[in-house]
1. Say the dipole of region 383-531 comes from +1 at the beta carbon of Lys and Arg and -1 at that of Asp and Glu; which of V483, S441, Q421 then lies farthest toward its positive end?
2. Rounded if a/c is under 1.5, else prolate if a/b is larger than b/c, else oblate: which is region 285-327, with a ≥ b ≥ c the root eigenvalues of its Cα gyration tensor?
3. Considering only protein heavy atoms, what per residue accessible area in square angstrom results for region 388-543 with a 1.4 angstrom probe?
4. Considering the dipole of region 497-558 built from charges on the beta carbon (Lys and Arg +1, Asp and Glu -1) around the Cα centre, which of G500, L514, V533 is farthest to its positive end?
5. My understanding is that a pair violates if its Cα-Cα distance is over 21 Å; which of K132/K318; K132/K215; K228/K318; K215/K399; K228/K437 do that in this structure?
6. Using the Cα gyration tensor of region 597-638, with a ≥ b ≥ c the square roots of its eigenvalues, what is the shape: rounded (a/c below 1.5), prolate (a/b larger than b/c) or oblate (neither)?
7. For region 180-259, what does the accessible surface come to per residue with a 1.4 Å probe? Please give it in Å².
8. Ranked from the most accessible area to the least, with a 1.4 Å probe and all protein chains present, what is the order of E365, E191?
Amino acid sequence: MKFWTGLLFFCVVSFLHLSAQDDTAGTVNGSLQSPDGNPIANAALTLTDRATNQVIGVATTDAQGRFQSAVPGDGDFALVRDGSTVGTFTIRADNRSANLGALTTVDEQVIQLDRLEISGQRESFYNAIDRKVYDVGKDITSTTGSASDLLQNIPSVQVDVEGEVSLRGNENVTILINGKTSALMARNTAEALEQMSADRIERVEVITNPSSRYKPDGTGGIINIILKEEGKAGWTANVRANVGNDDRYNGSLSTSYNPGKFHAFGSLSFRRDSRPFFSTQSRTQRDASGNVTSDSLQRAEERRRMESWYIETGGGYKLGERTDVGVALTYGEREMARRGLQTNSVRNGAGVTTRDYDRIRVGDETDEQFELSLTLEHAFENAGEKLSLELDHESETEKGTELFTDRYRVPVIADELERTQNTETESENEFTADYEKPLGSDAKFEAGYSWSAEESDVDLVGTRFDAASGTWVVDPQTTNRFVYKSTVHALYATYGRPVGPIDVLAGLRFEQTLSEADQVTAAIVDENDFARVYPSLHLSHDLTETQQLQLSYSHRVQRPDSWDLNPYPRYDDPRNLQAGNPDLEPEDIHSIEAGWQYRREGITYLASVYQRYRYNGITEVTRLINGDTLLTTRENLDSSRSTGVELGLTQRWRNQLSLNVSG
């Protein structure tokens, strides 16, 4: 606790000290909006001296259209965008801060010209108060690759060979689409990213310390993928195909139609993937005197072949000038075939082989997923004031059958056959309401409510083949049913505004969770109801027109899923069992981060130092339960502190070549 207090005090004092170093400089701030009142994000503004017409600085608007920049000295100045003056101000000794309020760009005039050429370059990266934003429109993979390929080029983001995504090495990361969660993305992240075409993505937002506006799930942070809006009127279409080695390929077809008042879109994607898996495990047991009582060797090889396809369709309609409604529907199917061979050998303390057998695995699995989303957005007469409503329904049904054959060499006995049939259904309904309102020219208030209800039902039936009767007999040890239900109510509010030379964004989120874990087979019901508060704080200060300091804090959580809570063991490998723990509590993490940015003439240097305090950590625990059988489960055991430093560089040469480096 002393470390946190000291670091916070040091950073705040540093901010105030640095802001007071230059008594002759001034500041200008405000916001930029379109004629219809919508904020203009990532807009480049030029500061010019009205007396000499020389450029004395630049500013860039953030995601809410706000800007702030240092002004070197006294005088009369102008703020220019695309060659047009959008505001003027004066800096004097008695008034070194100019607040221009909300600046509105003028409507473009239509001019008949024989030839008109306009060229420009959007910033490929900018740093908002609570996130780093990467414009990926110029990335070569945005025209040919998948979303997974594109994320590999984003600093701080890692994608492994299996397609799993991590942020600063933490795989517990939440991936959002347009700021919203997706069941398909949450359950099959690697597959969903591989099937999403990169040309649909406009920008990627990396949020290492999310504000209270977002759900606190994901201790690693948030990656928010922003899709392109519907463009010009008419039809558009895109076809993408990729072929790899070892029987792997994928492809997609997407199209959209936008005649003006409404728009419609659709896409179809297919993926086939085949991968081998190999493992080796050796185990030695000793008695109290250290003598070997048994040792075993297990080698396994498995081939998994997966095929999946998804269809997505939807559209939007304008109910007047200020209200838009939308609908989106996604349906997908996935099939997986598993073929495996596991060789087991067990010897006693004298070195005599007591068991030697092969375990042959043949399994097939199908998965159906459905997602429906209804949205409504209403813009009020006051510029920037907006209400967004969304209702989502998601469901998934997974069915599988696996046959295991134990073929013995030692002892010489007949083959043993086992069969497992599982049916798992999951459903989630969610309603969210978000409200945004600018307060004056430089402050903004956001508030919202969300309700979500999810249910998971896992039904396993295990049978053994009885050679005497020639029938399959139910095995009570591997037969069980587990039902998990959870309801979460959440309220949040954030408020942002400058306080002197420092931009402040503060937030608070309250959540009440009601959960029930029903071990149907054992007739045991566990209830776990709790309420928690998740605060957040972000501070930002422009040292100069090229340098910026940031400080942020957030409280995140990792909730156990239904498999983590299910206490019934899984018998895929009888010598290595896995089971959940119905008494698991959520894992909490407090994160604080300080950052520095230097940006000038197409090059940006970034440096961050962060510390995370983790408690109630969900930890895997493995115990020997009998003979040579291990049981792995999860418990809340871990508490830890971790500190990290991250350095980054982004640069663009001649608007054609870009470089991103981080580590």
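The values are calculated or read from the model by the stated rules, or taken from the named source; none is laboratory data. Model, not experiment: these values are computed from the prediction. Cβ coordinates were reconstructed from backbone atoms using ideal geometry, including for glycine residues, and neighbour counts include every protein chain displayed. Just so you know, the surface numbers come from the protein's heavy atoms only, side chains and all, with ligands and any DNA or RNA stripped out. Shrake-Rupley method; radii C 1.70, N 1.55, O 1.52, S 1.80 Å.
1. After comparing all options, I get S441.
2. oblate
3. Accessible area per residue, region 388-543: 47 Å².
4. Towards the positive end, the residue furthest out is G500.
5. K132/K318; K215/K399; K228/K437
6. prolate
7. Accessible area per residue, region 180-259: 42 Å².
8. Descending accessible area places them as E365, E191.
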